[in-house]
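One structure is given here, and the rest of the page talks about it.
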Amino acid sequence: MKLSANKATLSFSNGKPNIDLPVYEGTVGPDVIDIRKLYGQSGMFTYDPGFLSTASCQSAITYIDGDKGELLYRGYPIEQLATQCDFMETCHLLLYGNLPNAKAKADFTKRVTNHTMVSEQMQFFLRGFRRDAHPMAIMTGLVGALSAFYHDSTDINNPEHRDISALRLIAKMPTLVAMAYKYSIGQPYMYPQNNLSYAGNFMRMMFATPCDDYKVNPVIERAMDRIFILHADHEQNASTSTVRLCGSSGTNPFAAIAAGVACLWGPAHGGANEACLNMLGEIQKMGGIEKVGHFMEQVKDKNSGVKLMGFGHRVYKNYDPRAKLMQETCKEVLGALGLEKDPLFKLAMALEKIALEDDYFVSRKLYPNVDFYSGIVQRAIGIPVNMFTGVFALARTVGWIAQLNEMISDPEYKIGRPRQLFTGSVKRDVLPIAKR
Ligand code: CMC
């Protein structure tokens with residue numbers, strides 16, 4: 001962190017002396033005011049629910065400029081990564097800070113693919129779930145359970161353990177997501193096939209059966225790989241911050257990532273692609289494109305509680321760059337599968353058009369986010385709606401681990417422990433039960 005020549009001075013209206021606070025500069029983006037000593041010097045906390053103005057850490061992994069609609073992984077624009085690199089290169093970049101050359105890529109891919117199988121015992125564990133359990137409930141359980149199966153990589157303070165657990169998590173997530181799917185439809189699990197690409201192997205584990213040959217469709221393989229790249233990291237979002245906070249207690253990496261999976265499940269975060277598809281389905285049932293206007297009235301009515309899912313973002317106040325790339329992929333996939341006339345896609349286009357012109361959305365800078373399109377792509381590929389967030393979790397795993405490992409290696413890291421503004425009752429005495 002670079003100390004700025006600037007400093008911030010906090011003054012109080014009650015005559016308390018001013019406090020000078022150091023300011024640090026990042027390489028790009030807003031400076032930060034260091035308030036760590038504020039409580040010691042003033043006896044006051046800062047108040048920032050939802051972290052609207054609080055940097056919880058320093059990080060060199062991902063940078064977002066929400067006003068410009070820019071997303072960089074380790075300095076590289078997402079548009080270049082999505083069109084010139086694949087997911088394995090992106091994983092290497094996020095984890096180790098550099099794009100691999102051909103040899104480093106081959107070595108890394110080999111190290112990952114060495115770990116694609118899961119302990120055979122995992123399937124007995126999986127059998128404990130109801131067949132109709134939500135895949136994210138299963139994923140939260142399975143990922144947490146990895147710590148019970150891989151004891152030799154659970155010491156978060158040991159760099160070798162961290163590296164091997166990173167490889168294991170990246171390698172095993174597709175296997176676990178596919179197992180959760182196969183279990184839900186009563187089909188046999190397909191073991192991973194390491195001569196396929198990461199995305200191709202996932203498609204095969206999802207859709208092949210032991211009784212038929214399966215050929216990976218290159219358009220779908222590329223689309224899946226792009227979904228993985230676009231979702232791989234997104235700086236200090238809710239699930240990543242959850243992973244960091246959970247990991248800050250020194251818990252093992254599998255447990256910390258399981259916490260991230262649980263957080264991602266929510267509809268305001270990773271669950272948005274599922275919620276978006278469900279919303280399109282509801283509008284379809286109401287009468288389709290003709291009812292879009294009526295639906296939009298509900299969205300704009302604050303009392304209705306209806307939101308346009310797949311729209312809006314805490315950080316992007318401009319078009320989400322991932323949404324543009326996903327829109328391209330969406331067209332490519334629907335074209336390759338002959339689904340251009342898909343009514344849900346047409347409906348999504350109609351919603352997008354209205355929202356981009358409507359003053360409610362324009363004045364609030366609400367644009368489509370990545371989930372608006374990724375759900376349509378996944379549905380076209382044949383992934384069931386309730387599996388969408390599992391696919392997101394699979395892709396985000398590398399970002400979670402990169403951020404967790406960065407935190408553990410940071411000499412300034414401490415257990416996370418927010419403070420509060422207490423507004424409850426002052427101290428009082430318990431009355432005997434007969435007098436309450
Ligand atoms: N539909 C209708 N109104 C909205 C929407 C929406 N999707 N999103 C925000 N608004 C309104 C909100 O009601 C508020 O209006 P007002 O100023 O009149 O009170 C204004 O826009 C600002 O919104 P906010 O709630 O302060 O924004 P936030 O930063 O707290 O929330 C969000 C961000 C993503 C949770 C929210 O936009 C949302 O719920 N979107 C729908 C869910 C969604 O698509 N989530 C996926 C996010 S991208 C994937 C990821 O990175 O996880």
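The values are calculated or read from the model by the stated rules, or taken from the named source; none is laboratory data. All values reported here derive from a predicted model rather than from experimental measurement. Cβ sites come from the backbone with ideal geometry, for glycine too, and all protein chains shown count toward neighbours.
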Residue within the range 308-322 that is under 16 Å from K291 (Cα atoms), of a type in the set (G, A, S) and buried (at least 22 other Cβ atoms within 10 Å of the Cβ) present: no
statement: With criteria (1) within 14 Å of the ligand (Cβ to nearest atom); (2) at pLDDT below 90, E412 comes up short on (1)
message: All but one of (1) more than 30 Å from T54 (Cβ to Cβ); (2) modelled with pLDDT of 90 or more hold for A323; state the number of the condition that does not hold.
response: (1)
- request: Could you give me the residue pairs with C-beta distances under 6 Å whose first residue belongs to the range 66-82 and is of a type in the set (K, R), whose second residue is surrounded by fewer than 19 Cβ atoms within 10 Å (Cβ to Cβ) wherever it lies, and which are 6+ apart or on separate chains?
  value: R74/G97
- line: The number of residues in the range 309-329 that are under 15 Å from M349 (Cα atoms), in contact with a strand residue (DSSP E or B) (Cβ under 9 Å, 6 or more places away or on another chain) and within 8 Å of the ligand (Cβ to nearest atom) is 2
- prompt: Which of the helices (runs of 4 or more DSSP H) contained wholly in the range 204-308 include at least 1 residues that are away from the ligand (no atom under 16 Å from the Cβ), within 26 Å of Q187 (Cβ to Cβ) and among the charged types (D, E, K, R)?
  reply: 218-231
message: Among the numbered criteria (1) assigned to a loop (DSSP other than H, G, I, E, B); (2) touching a Ser or Thr at 6+ places or on another chain (Cβ under 6 Å), which one does M88 miss?
response: (1)
task: Please go through the range 21-53 and pick out each residue that is surrounded by 15 or more Cβ atoms within 10 Å (Cβ to Cβ) and either part of a strand (DSSP E or B) or within 26 Å of the chain's Cα centre (by Cα) (or both).
output: L21, P22, V23, Y24, E25, G26, V32, I33
message: Please go through the range 166-202 and give me each residue that is closer than 21 Å to K215 by Cβ, crowded, with 21+ Cβ neighbours inside 10 Å and in contact with a Phe, Trp or Tyr (Cβ under 7 Å, 6 or more places away or on another chain), ordered by number.
response: P174, A178, Y198, A199
message: Which pairs turn up if I take residues in the range 346-371 that are small (G, A, S) and within 12 Å of the ligand (Cβ to nearest atom) and look for partners that are at pLDDT 90 or above and part of a helix (DSSP H, G or I) with beta carbon separation below 9 Å, at least 6 apart in sequence or on another chain?
response: A355/M296; A355/V299; A355/F361; A355/V362
